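A short worksheet on the structure shown next.
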Amino acid sequence: MTTATLTRTSAQRRDFGALSGVLYVLFFVASLVIAGALGPSGAVTPYSSDAEVQAYRLKDPAALEDLFRVLGLLQGLSALALLAFVPWLTAFVRGHGSQARADAVRALATVAGALLLLSASTSWVLAQVGSTAELSTYRAISDLSFITGAGPAIAALGLAIFLVAATGRASRALPGWVAWSGMVVGVASVLSMSSLVAQGGSVLIPVGRFLGFVWFAVVSVRAWGRGPGGTSTR
């Protein structure tokens, strides 16, 4: 195998790693779309009353179990794709910023991916316990699934996005609009942690998540299209 072939192969692998950012988005969005089709009507949150939660889980137990299995699968794949994208984010920040900042991005994005994977796993557990578990047990598992996949995960990933975007802005390795939008997404994502103490803070969860999806898709596609360097101000 020639040196040129090895170089092309290495570049292709790095390009595939960059596209994992798109897969992270696609798998998660697919889980939401399919959940809307499979799940019972309505929704509950950790702020719902016991009566509301009980009525929801008994409305159509079989459909709810199918829903949780699909969520566990697709959001688990989404988490793995995010973890696969971490090395690209880390390399980008190391190349255009500093090693210390790259280490912070690696840690934050890995924590976010691990929390999302835990959330997906607890969705599978909910499918197993179904409507037969005590309400208190069901709520505890449901709340764990929510909290690991919501505020803390979004905030950790938001901080990573902020650091990547700030590095891209300072080095001009990202277009201005991508850098500034990433910093805004990062701030909104961190503020979603307020959902832990106030129900009103929950509105920031979809803001940080879905704006973050758009940002990830843009950065991932740019990285794939431009090769290992993956960036420019144009």
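Suppose the filter is farther than 23 Å from SER202 by Cα, over 19 Å from the mean Cα position of the chain (by Cα) and either basic (Lys, Arg) or not in a helix (DSSP H, G or I) (or both); does ARG106 pass it? First the steps, then the outcome.
Numbers: farther than 23 Å from SER202 by Cα: yes; over 19 Å from the mean Cα position of the chain (by Cα): no; either basic (Lys, Arg) or not in a helix (DSSP H, G or I) (or both): yes.
Here the answer is no, as ARG106 does not meet what is asked.
Figure legend. Inter-residue proximity from the stretch 54-71: first residues closer than 15 Å to SER41 by Cβ and in contact (Cβ under 8 Å) with a residue 24 or more places away in the chain, second residues in a helix (DSSP H, G or I) and of a type in the set (Val, Ile, Thr), beta-carbon distance below 9 Å, spacing 6+ or different chains. Indicated pairs: LEU67/ILE34.
The residue pairs whose first member lies in the stretch 145-159 and is closer than 15 Å to THR122 by Cα and open to solvent by 10 Å² or more (accessible area, probe 1.4 Å), whose second member is at pLDDT below 90 and of a type in the set (Val, Ile, Thr), and whose beta carbons are closer than 8 Å, counting only pairs six or more residues apart or on different chains, are PHE146/THR45.
Just name the residue that is modelled with the lowest pLDDT out of those in the stretch 31-43 that are in a loop (DSSP other than H, G, I, E, B) and open to solvent by less than 50 Å² (accessible area, probe 1.4 Å). Among residues in the stretch 31-43 that are in a loop (DSSP other than H, G, I, E, B) and open to solvent by less than 50 Å² (accessible area, probe 1.4 Å), the one modelled with the lowest pLDDT is GLY39. Return the residues of the stretch 99-115 that are open to solvent by 70 Å² or more (accessible area, probe 1.4 Å) and under 17 Å from GLY151 (Cα atoms); say none if nothing qualifies. The one that is open to solvent by 70 Å² or more (accessible area, probe 1.4 Å) and under 17 Å from GLY151 (Cα atoms): VAL111.
Taking the stretch 114-161 only, how many residues are over 20 Å from SER31 (Cβ atoms) and of a type in the set (Asp, Glu)? Residues that pass the stated criteria total 1. Does the stretch 133-153 contain any residue that is touching a helix residue (DSSP H, G or I) at 6+ places or on another chain (Cβ under 7 Å), charged (D, E, K, R) and under 21 Å from ALA217 (Cβ atoms)? No, the stretch 133-153 contains no residue that is touching a helix residue (DSSP H, G or I) at 6+ places or on another chain (Cβ under 7 Å), charged (D, E, K, R) and under 21 Å from ALA217 (Cβ atoms). Restricting attention to the stretch 71-95, the residues that are out of contact with any Lys or Arg (no Cβ under 9 Å at 6 or more places or on another chain) and surrounded by 20 or more Cβ atoms within 10 Å (Cβ to Cβ) add up to 11.
The values are calculated or read from the model by the stated rules, or taken from the named source; none is laboratory data. Just so it is clear, the structure is predicted and the values come from calculations on it, not from any experiment. Here Cβ is always computed from backbone atoms with ideal geometry, including for glycine, and neighbour counts include all displayed protein chains. When the accessible area is computed, the model is the full protein with side chains, heavy atoms only, and any ligands, DNA or RNA have been set aside. Shrake-Rupley method; radii C 1.70, N 1.55, O 1.52, S 1.80 Å.
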